[in-house]
Amino acid sequence: MAQFTLYNKHNAPPNNDIITRVDCEHVPLCSVNDVQLRFLVPDDLTEVRTLCQEWFPIDYPLSWYEDITSSSRFFALAAVYNLAIIGLIVAEIKPYRNVNKEVIANISDSDEFYTRLSGFPMQDKGILPDSMGRTADVGYILSLGVHRSHRRNGIGSLLLDALMNHLTTVERHAVKAIFLHTLTTNQPAIFFYEKRRFTLHSFLPYYYNIRGKGKDGFTYVTYINGGHPPWTLLDHFKHYASKLRHTGSLCVWMASRVQQMVRWFYHKLLTRFNVIE
């Protein structure tokens, strides 16, 4: 994994440790090691809003930006290069039992936008087995983007790795899966997540309403901390086949031990009656 520095914006390194700021639109990133990661703060609101409007077709309301730059409920991490934000990941940990409400990502300027996104499509209910889902949490990636001038430099992977590390600590062992939604037409995002071992979970017809038009979406998921999808009939068959193979090996081992014990007892018996000189 690439190395990076994590710091708070209000406790940044001295200026002589940072290259003088330049126009990042025209200077490609040379090394991922030049990037620093830090959590968003309220002062980032305007910059983050400008970037998201450039990156995504979704028109988030102002209240959403206020939430991700100030609320501790979000894992909102920025990748910074030459003092400018060039990448961003926003995620939230939720109880899996909340993944059970039919909602549509109705994109508008309404302040009710994020409230309507508090639930998830019914298709997402099958991410975890029911037995595991009663007490499990899930991580939901709301947004992940990188400035177009700095893509294909590992920034997206750097941000996703930071989230993975955050969710695979002992304190967050209850988080069993990380999932997200993406447009079916967003091939770069689909390729990126599949390369990072996310798998397609469900198809969401007309999940997005972008500028008055319905757009289809996908749910992608990856499993962590011992989490796994609900078992299919084939999974059950493989499980019991494995048990039978294990049982068969155990029986062979026990038969071998019994045979050794019989030989030992027979030897002792013959020795006692002086059959063996």
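Within the stretch 72-91, the residues that satisfy the criterion of being open to solvent by 10 Å² or more (accessible area, probe 1.4 Å) and farther than 13 Å from residue 44 by Cβ are 72, 73, 75, 81, 82.
If I go through the stretch 217-232 residue by residue, how many of them are touching a residue at least 60 places away in the same chain (Cβ under 8 Å) and surrounded by 15 or more Cβ atoms within 10 Å (Cβ to Cβ)? Write out each step before concluding.
Filtering the stretch 217-232 for residues touching a residue at least 60 places away in the same chain (Cβ under 8 Å) gives 217, 219, 221, 224, 227-231.
Next cut, surrounded by 15 or more Cβ atoms within 10 Å (Cβ to Cβ) only: 217, 219, 221, 224, 227, 229.
The total comes to 6.
Residues satisfying the criterion are absent from the stretch 6-28 (criterion: at pLDDT 90 or above and either surrounded by 15 or more Cβ atoms within 10 Å (Cβ to Cβ) or part of a loop (DSSP other than H, G, I, E, B) (or both)).
With the structure loaded, tell me whether residue 166 is in contact (Cβ under 8 Å) with a residue 24 or more places away in the chain and open to solvent by 30 Å² or more (accessible area, probe 1.4 Å) or whether it fails that test.
Judged against the criteria, residue 166 is a match.
For the stretch 137-146, the condition holds for no residue, the condition being that it is without any contact (Cβ under 8 Å) to a residue 24 or more places away in the chain, open to solvent by 30 Å² or more (accessible area, probe 1.4 Å) and not aromatic (Phe, Trp, Tyr).
Conditions tested, residue by residue: (1) exposed (fewer than 14 other Cβ atoms within 10 Å of the Cβ); (2) over 18 Å from the mean Cα position of the chain (by Cα); (3) not small (Gly, Ala, Ser).
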| site | (1), (2), (3) |
| --- | --- |
| 171 | yes, no, yes |
| 190 | no, no, yes |
| 208 | no, yes, yes |
| 211 | yes, yes, yes |
| 215 | no, yes, yes |
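Could you tell me how many of the residues in the stretch 173-187 are farther than 16 Å from residue 141 by Cα and either in contact with a Ser or Thr (Cβ under 9 Å, 6 or more places away or on another chain) or touching a residue at least 24 places away in the same chain (Cβ under 8 Å) (or both)? Spell out the reasoning first.
Residues of the stretch 173-187 that are farther than 16 Å from residue 141 by Cα, as a first pass: 173-174, 184-185, 187.
Pick out the ones that are also either in contact with a Ser or Thr (Cβ under 9 Å, 6 or more places away or on another chain) or touching a residue at least 24 places away in the same chain (Cβ under 8 Å) (or both) and you get 173-174, 184-185.
Within the stretch 173-187, residues that are farther than 16 Å from residue 141 by Cα and either in contact with a Ser or Thr (Cβ under 9 Å, 6 or more places away or on another chain) or touching a residue at least 24 places away in the same chain (Cβ under 8 Å) (or both) number 4.
The values are calculated or read from the model by the stated rules, or taken from the named source; none is laboratory data. A quick note: this is a predicted structure, and the numbers were derived from the prediction, not measured. Cβ atoms come from the backbone with ideal geometry, glycine included; neighbour counts cover every protein chain shown. Just so you know, the surface numbers come from the protein's heavy atoms only, side chains and all, with ligands and any DNA or RNA stripped out. Shrake-Rupley method; radii C 1.70, N 1.55, O 1.52, S 1.80 Å.
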